[in-house]
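Student: Before I ask anything, let me first share the structure, which is written out below as structure tokens.
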Amino acid sequence: MNRLKLFGERIMSRDPGHQTAEIPIRIAIMTHCLALGKAEIIAVA
């Protein structure tokens, strides 16, 4: 949630076409940030 608030809670674009592009870009950035912070688990046998 903190990452989302860094971008601001409102959509910046005023044009509806740009708004539809802005939302997936925000989601992709947040997904990437979550992947960077996720621990990699390796099974050791």
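The values are calculated or read from the model by the stated rules, or taken from the named source; none is laboratory data. These numbers come from a predicted model, not from an experiment. No Cβ is skipped: glycine too gets one built from the backbone with ideal geometry, and neighbour counts run over all protein chains shown. With ligands, DNA and RNA removed, areas are computed over all heavy atoms of the protein, side chains included. Shrake-Rupley method; radii C 1.70, N 1.55, O 1.52, S 1.80 Å.
Student: Can you name every residue in the stretch 23-33 that is aliphatic (A, V, I, L, M), within 8 Å of the chain's Cα centre (by Cα) and open to solvent by 70 Å² or more (accessible area, probe 1.4 Å)?
Tutor: ILE25, ILE27
Student: Does ILE11 meet the test of being out of contact with any strand residue (DSSP E or B) (no Cβ under 6 Å at 6 or more places or on another chain), modelled with pLDDT under 80 and of a type in the set (Val, Ile, Thr)?
Tutor: yes
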